[in-house]
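Below: one structure, written as structure tokens.
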Amino acid sequence: MLSRLLFALFFLLVTVTCGYWLNGSVGIWIAAVGVLIALLFNDYEKGHRLEKWVRRDDPTAEAHLTGFWGELVDRIRRGFKTRDQLALQHQQRLQEFLAAIQASPNGVLLLDPEGRIEWCNQTAATHLGLHEQRDLGQHIVNLVRDPAFTRYMAQGDFSSEVIIEGRSISLSHILKLQVQLHPYGENKKLLLTRDITARAQADQMRRDFVANVSHEIRTPLTVLGGFVETLQSLPLSAQEQKTYLDLMAVQATRMQGLVSDLLTLSQLEGSPPPPVTESVDLNPLMAQVKSDAASLSAMQGETGLPVHAFSFTLPEHLHLAGSRAEIHSAVSNLVNNAVRYTPLGGKIDVVWTLGDEGQATFSVKDNGVGIAAEHLPRLSERFYRVDRSRSRESGGTGLGLAIAKHIAQRHGGSFHIESELGQGSHFSLVFPSNRVKLEAPIAQLQAA
Ligand code: ADP
């Protein structure tokens, strides 16, 4: 800057001296005005070139300016670069921020002061059935038509959340959403949505379970209470008293069975899966199941002999890695059900088979009452019964299949039901190959 000033002064001095030498004092004025005009024109022209270069907003372009103007260009170029770098950093940060919101399991939606959608993530769009791009600028109340949401928006108190129905995937799968608005900035709003379908279902299941258990316990308790009152208030003969006490014992046994099944279920739910290190020899286990089934069958007749035709098949030396008590419980529940739901003279086939992939399948086939197709999907739910009175009469708790399914799953296996009304049923448990072992008895191993 200083050198430019010195150059201008020097140029002025030389020109003025020449002017004086050529034309006296008038020559001085002419020379001075001429120099000033030349300098002004020069600056105007360079300033104009600088302005054009700045307007291009391209720090990589050449400005073709030197000296003072060239320095100015360099400074502006550095400013441009810093600005571009900062803009890039902000852009990247914004993209990361948006990606994080997109990854959120919760829906996030931004509303302008009029309640129009400014931005939403994919989750919010899925929850509320919106289109991420097409619905931008639309009023949220026009798109989310749940009456609870309309009321929530109208009342303007956003201190608590509201539960609404989201866009359902199917009729059987209704999405439950927890939605809350959070005002921010200048009258803008942040809308958060959370899928609480699983929680709502779990709450409902818990309520149903408590109601079912209370109902199941209340029935035998009422009967017991009635008998106690009768015994207390009526002068009964010894024979009559015995009859009542026998009936009371039946109800007490029923309650014991229910409590025991409930305890089994809660133990299954509260403990880790059985380790693969414990080996269960199925031969003695099945011998026990067979003998219990024969006794249960005999109780249905009057001769003291089983009233069903049984066939039990089991590959030799079959062992399963898992819990003996659990496998026994699952297997005997299915066999006992076959006995209970097959009329006298019916046929019950119990078989263990080994599959091609090393899995072991336990199956019980009967030609009993069978089950209509509409009941099959819900059959292994707790307390689900096709015929309540038949289940109760035969000492059922409504928990046997739920227990069997749970046990199969805890062993990494699966539970299957096939049945036809009036034709019979086929229940099976499949255990994966990592739980199957074929082991010769110790005596045989030693002899080998
Ligand atoms: P329950 O104690 O009532 O037998 P389960 O959970 O063992 O309870 O069985 C649920 C329902 O499934 C039973 O109430 C019965 O209606 C039906 N069921 C189970 N096993 C059989 C079978 N072998 N044949 C016909 N129906 C069956």
Handout entry: Neighbours by Cβ (under 7 Å, 6+ apart or cross-chain): first from segment 328-342, in contact (Cβ under 8 Å) with a residue 24 or more places away in the chain and assigned by TED's automatic domain parsing to the domain that holds Arg388; second charged (D, E, K, R) and more than 9 Å from the ligand (Cβ to nearest atom)
Key = Ser332/Asp292
Practice task
Would you check which residues across segment 323-347 are more than 15 Å from the ligand (Cβ to nearest atom) and either of a type in the set (Asp, Glu) or assigned to a helix (DSSP H, G or I) (or both) and list them?
Solution key: Arg324, Ala325, Glu326, Ile327, His328
Handout entry: Matching residues, segment 9-64, being in a helix (DSSP H, G or I) and on the phi > 0 side of the Ramachandran plot
Key = Gly24
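Each row is one residue, and each column tells you yes or no for (1) assigned by TED's automatic domain parsing to the domain that holds Ile174; (2) not hydrophobic (A, V, I, L, M, F, W, C).
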residue	(1), (2)
Val54	no, no
Gly79	no, yes
Asp84	no, yes
Leu94	no, no
Glu114	yes, yes
Ala124	yes, no
Leu128	yes, no
Practice task
Go through the residues of segment 353-368 one by one and say whether even a single one is under 21 Å from Thr264 (Cβ atoms), crowded, with 18+ Cβ neighbours inside 10 Å and more than 34 Å from the chain's Cα centre (by Cα).
Solution key: yes
Completion exercise
Taking first residues from segment 381-396 that are more than 16 Å from Val259 (Cβ to Cβ) and assigned to a helix (DSSP H, G or I) and second residues anywhere that are hydroxyl-bearing (Ser, Thr, Tyr) and more than 6 Å from the ligand (Cβ to nearest atom), the pairs with Cβ under 8 Å that are 6 or more apart or on different chains are none
Fill in the blank from the handout: When restricted to Leu320, Leu376, the only residue within 16 Å of the ligand (Cβ to nearest atom) and under 18 Å from Gln409 (Cβ atoms) is Leu376
Problem - The one condition in (1) surrounded by 19 or more Cβ atoms within 10 Å (Cβ to Cβ); (2) of a type in the set (A, V, I, L, M); (3) part of a loop (DSSP other than H, G, I, E, B) that Leu320 fails to fulfil - result: (3)
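Which of the residues spanning segment 286-306 are crowded, with 18+ Cβ neighbours inside 10 Å and either free of Cβ contacts under 8 Å to residues at least 60 places away in the same chain or outside the structural domain of Ala408 (by TED's automatic domain parsing) (or both)? So that I can check it myself, show each step before the final result.
Within segment 286-306, the first condition is being crowded, with 18+ Cβ neighbours inside 10 Å, and the residues that meet it are 286, 289, 293, 296-297, 306.
Ala293, Leu296, Ser297, Pro306, listed by residue number.
Would you check if there is a residue in segment 352-371 being part of a helix (DSSP H, G or I) and of a type in the set (Asp, Glu)? If you could, list the steps in order and put the result at the bottom.
Step one: filter segment 352-371 for residues part of a helix (DSSP H, G or I), giving none.
Within segment 352-371, none of the residues are part of a helix (DSSP H, G or I) and of a type in the set (Asp, Glu).
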Problem - Selection from segment 268-285 of residues that are surrounded by fewer than 12 Cβ atoms within 10 Å (Cβ to Cβ) and either assigned to a helix (DSSP H, G or I) or among the hydrophobic types (A, V, I, L, M, F, W, C) (or both) - result: Glu269, Gly270, Pro284
Problem - Criterion (surrounded by fewer than 10 Cβ atoms within 10 Å (Cβ to Cβ) and among the hydrophobic types (A, V, I, L, M, F, W, C)) met by exactly one of Leu72, Leu86, Leu2 - result: Leu2
Practice task
Output the residue which, of all residues in segment 194-214 that are in contact (Cβ under 8 Å) with a residue 40 or more places away in the chain and closer than 26 Å to Leu181 by Cα, is nearest to the chain's Cα centre (by Cα).
Solution key: Asp195
Exercise for the section: Go through Val364, Val386, Val430, Val369 for me and flag whichever is β-branched (Val, Ile, Thr) and more than 10 Å from the ligand (Cβ to nearest atom). Expected result: Val430
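Does at least one position in segment 395-402 carry a residue that is buried (at least 16 other Cβ atoms within 10 Å of the Cβ) and more than 7 Å from the ligand (Cβ to nearest atom)? Reasoning before the result, please.
We begin by selecting, within segment 395-402, every residue buried (at least 16 other Cβ atoms within 10 Å of the Cβ); these are 396-402.
From what's left, more than 7 Å from the ligand (Cβ to nearest atom): none.
No, segment 395-402 contains no residue that is buried (at least 16 other Cβ atoms within 10 Å of the Cβ) and more than 7 Å from the ligand (Cβ to nearest atom).
The values are calculated or read from the model by the stated rules, or taken from the named source; none is laboratory data. This is a predicted model, so every value here is computed, not measured. As a convention, Cβ positions derive from the backbone with ideal geometry for all residues, glycine included, and neighbour counts pool all protein chains shown.
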